[in-house]
Amino acid sequence: MALALNVFRTVTAEFTTATTTVYTAPVSYTGIVLLAQITNVTGTAGTVTCSVTNSASTVTELLKDFSIPAYDAASAVSGKLVIETGCEFKISASANSKFKLTLSILESANE
């Protein structure tokens, strides 16, 4: 059976102080991150870290200890971000329940 050529996904997550994998590109697909918005939902500033881990377990930070003011938002990517099969998008924050993430992803079949 043929894979769906293009699949759109929305992934949401709440940041914690632990590094958490919020998206892994599935087998036979490449994920293209179209939007990665981080919103501070509290009345105080805090910091976030977003990274991509490749299949060789190499971590590349997109944002590292990036400060977001109270009730403000920031984008973790400017432009598109390609995440190959098995690679992961990870997040962490300076405090639990302070930030929320929305990812808009286009998964494209690797055929």
With criteria (1) among the aliphatic types (A, V, I, L, M); (2) closer than 18 Å to Ala109 by Cβ; (3) at pLDDT below 95, Ala56 comes up short on (2)
Residue by residue through the range 1-28, note down the ones that are within 12 Å of the chain's Cα centre (by Cα), assigned to a loop (DSSP other than H, G, I, E, B) and of a type in the set (Gly, Ala, Ser). Ala25
Kindly indicate whether any position in the range 38-46 is crowded, with 19+ Cβ neighbours inside 10 Å, more than 18 Å from Thr24 (Cβ to Cβ) and under 13 Å from the mean Cα position of the chain (by Cα). yes
Lys80 passes all but one of the listed conditions (1) surrounded by 13 or more Cβ atoms within 10 Å (Cβ to Cβ); (2) over 16 Å from Val22 (Cα atoms); (3) touching a Leu at 6+ places or on another chain (Cβ under 8 Å); the exception is number (1)
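Hey, can you tell me all the residues within the range 18-35 that are under 18 Å from Ser94 (Cβ atoms) and surrounded by 12 or more Cβ atoms within 10 Å (Cβ to Cβ)? So that I can check it myself, show each step before the final result.
Going through the range 18-35, the residues under 18 Å from Ser94 (Cβ atoms) turn out to be 18-20, 22.
Correct list: Thr19, Thr20, Val22.
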Those strands (runs of 3 or more DSSP E) lying entirely in the range 29-111 with at least 1 residues touching a residue at least 12 places away in the same chain (Cβ under 8 Å) and acidic (Asp, Glu): 59-68, 88-93, 99-109
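The values are calculated or read from the model by the stated rules, or taken from the named source; none is laboratory data. Quick caveat, the model's predicted, so the values are computed rather than measured. Backbone-built Cβ (ideal geometry, glycine too); neighbour counts: all protein chains shown.
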